Amino acid sequence: MTRVSKRLGGMILVLLIVSFLTYVVLIAAPADPALMSCGRPCTPDRLADARAFMGYDEPLIAQYVSFLTGIFTGRTFGSTAAAVECAAPCLGYSFRLGAPVTELIADRAPVTFSLAIGAAVLWLVLGVAAGTISAVKRGTLLDRAAMTLSVAAVSAPAYLVGLIGLLIFGFTLDMVPVSGYVPLTESPIDWAWHLILPWLVLALISAAVYARLTRTQLLDVLGEDFVRTARAKGLREGVVLRRHGLRNTLVPIVTYFGLDLGSLLGGAVLTERVFSMPGLGSLLIDAFGNADLPVIIGITLFSTAMIVAANAAVDLLHGVLDPRVTHVQKGIFS
Amino acid sequence: MTETAPARIWPRLRADRWAVGGATVAALLIVAAAAAPLLTSTDPYTYDLDAVSGSGVPLGTGGGIGADHWLGVEPMTGRDLFAIVLHGARTSLLVGVGATLVAVLIGVAVGATAGFAGGWWDALASRTTDVVFGFPALIFMIALSAVAPPEIPRLLIVVLVVGFFGWPPIARVVRAQTITLRHRTFVVAAVALGARPHQVLWRHILPNLLPTVLVFGTMLIPSMIGAEAALSFLGVGVPPPTPSWGRTIGDAVSWVQLDPMYLLVPGTALFAATLSFNLLGDGLRDALDPKLRELRR
């Protein structure tokens, strides 16, 4: 219990620091959202009004505090009849799109999550399986082919593989849809069908890394004394591999997985662009084009929060997988 | 150690076929990028509307491959794809090496001081390294590029932003190495003789970090090249008309069915560059210390 609560405390501290730095850096930047929405001709008076309306006239620290409180209590922009309500959890308000950032994110997040979670499952399964086969059949042609392929896969950008996959399986063979997203709630089959190629693309690249990692770790473990003992006891090779081999490779794999969550999200953004999926990535890119600062801040902080939370989960999983972890290792975000 | 490191590295590196292959391709790319204006008489900005049809599709086979355009042309504009890719290599390598330098500078500064000073600074620096390591870096890169002052050239912004998120692996390795060095006899002797901390760091620790930094710096170049390409692919990196492989690949998204060569040409270049630098980096690392083999990150 103390471990869990300490973990949560560390998580909140990291989130506070990161959100503060992010907020200050992004808001202090020269791009002025008030200037963008002030209309033409933009008189100094109207600009000042717009700034006051958006809350940009306050000192930085005060802005950050109202942003933070807005997450818990919601906030109102402006005080006149034109006031805009932003219900809790309020991550800001996009004056450009005329919608609360939370709503925009909630709209798009399912796409990105479907993509990222599915790909992560596939990548772990494929990676561990390929690595195990390679380790068991070490030195054979199969092993060398798999390992050579994994070096190549590490160097191939996901979006490039995605586009080539799209070209082959989408346009030429006409096997899978070439773009778009169908919500899970609408039709689970169409959902998976539209995601299958993006999942594979995103998973394959990282699976290569995990195949190499699994192979090395497994070979290491299989050389240990306790594995020899297990074999000497007469355990079947399959049981040795599962109970003694793979069980002990799980911890390093989970560690790496925690570190890779950030790049998984980045990969999802790139994959979304390839398959024209309306996820958080495309929302962010559009916000970039429109200099829509509230949306940019909202997505940045939201994704950080997701990564930090996922990391805490991964870290707690560590304790379950390996009881020694509790005493020895500290999580990366604690 | 400084004197012997290159002597140890070279024979091992030369024996590694993959690393030699990677080094060769990487060297060819650098030469091609440097000599780009000599290798092609066409520049990557000149339109050739005779090479594309009324709807913008390149005329001829393979995206307009011919005597005038060795690798075909860009749809719509008819700009020479060979010239675009060749000049794109300049952008990629420039950003790749520039961002690596930024990352190495930050990484060495953070890692060496953390490992040398220990205490609260080490705790803070290591924790920060860990946090930045796990960050959704691409999203932060996009956000930072969005708010960068317009006066600064975009290329410089890309270099800084990409480099700024690349330092954690360097900091980690350098910190570990510094801690080992701190306990070595010659450092302990220097301290005993009354050397000031900054003298020890500057004269004794830093020179001995050099081989490690060079090797891990090389290993960082492909990821930096990849990050620039990713940003440009998304349309938030190097702006047109500066040639960039990533941006061309991004433009190719809408042409993939009509003109696959438009995707494959810059794609192959990007893949070759990342793969060659990866192979060279892996080889260098194995040659520096075979035990580091799986300590990639």
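Tabulated data for the structure shown
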{"read-out": "Residue that is assigned to a helix (DSSP H, G or I), surrounded by fewer than 23 Cβ atoms within 10 Å (Cβ to Cβ) and either within 14 Å of chain B (Cβ to nearest Cβ) or in contact (Cβ under 8 Å) with a residue 24 or more places away in the chain (or both), where the choices are A:206, A:263", "value": "A:263"}
{"read-out": "Filtered residues of the stretch B:238-260 (kept if more than 24 Å from residue B:155 (Cα to Cα), touching a Leu at 6+ places or on another chain (Cβ under 9 Å) and either at the interface with another protein chain (Cβ under 10 Å from one of its Cβ atoms) or buried (at least 20 other Cβ atoms within 10 Å of the Cβ) (or both))", "value": "B:256, B:257, B:260"}
{"read-out": "Whichever residue in the stretch B:44-56 is out of contact with any Pro (no Cβ under 8 Å at 6 or more places or on another chain) and in contact (Cβ under 8 Å) with a residue 12 or more places away in the chain and, among such residues, is surrounded by the fewest Cβ atoms within 10 Å (Cβ to Cβ)", "value": "B:50"}
{"read-out": "Unmet requirement for residue A:193, which otherwise passes all of (1) more than 25 Å from the chain's Cα centre (by Cα); (2) at negative phi", "value": "(1)"}
{"read-out": "Filter pass, residue B:182 being touching a helix residue (DSSP H, G or I) at 6+ places or on another chain (Cβ under 7 Å), in contact (Cβ under 8 Å) with a residue 40 or more places away in the chain and either surrounded by fewer than 23 Cβ atoms within 10 Å (Cβ to Cβ) or closer than 27 Å to residue B:288 by Cβ (or both)", "value": "yes"}
{"read-out": "Criterion violated by residue A:185 - all others in (1) of a type in the set (S, T, N, Q); (2) within 14 Å of another protein chain (Cβ to nearest Cβ); (3) surrounded by fewer than 17 Cβ atoms within 10 Å (Cβ to Cβ) satisfied", "value": "(2)"}
{"read-out": "Neighbours by Cβ (under 8 Å, 6+ apart or cross-chain): first from the stretch A:18-47, away from chain B (no Cβ under 12 Å); second at pLDDT below 70", "value": "A:42/A:35; A:46/A:38; A:46/A:39; A:47/A:34; A:47/A:35; A:47/A:38"}
{"read-out": "Counted residues, the stretch B:135-145 - those being assigned to a helix (DSSP H, G or I) and without any contact (Cβ under 8 Å) to a residue 24 or more places away in the chain", "value": "3"}
{"read-out": "Hits in the stretch B:146-172 (condition: at the interface with chain A (Cβ under 7 Å from one of its Cβ atoms) and in a helix (DSSP H, G or I))", "value": "B:146, B:147"}
{"read-out": "Set A:78, A:39, A:92, A:55: member being surrounded by 17 or more Cβ atoms within 10 Å (Cβ to Cβ), on the phi > 0 side of the Ramachandran plot, modelled with pLDDT under 75 and not hydrophobic (A, V, I, L, M, F, W, C)", "value": "A:55"}
{"read-out": "Evaluation of residue A:333 against (1) aromatic (Phe, Trp, Tyr); (2) modelled with pLDDT under 80; (3) assigned to a helix (DSSP H, G or I) (one fails), failing number", "value": "(3)"}
{"read-out": "From A:197, A:184, residue being touching a residue at least 40 places away in the same chain (Cβ under 8 Å) and not in a loop (DSSP other than H, G, I, E, B)", "value": "A:197"}
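The values are calculated or read from the model by the stated rules, or taken from the named source; none is laboratory data. Treat the numbers as computed from the prediction; the structure is a model and nothing was measured. Cβ sites come from the backbone with ideal geometry, for glycine too, and all protein chains shown count toward neighbours.
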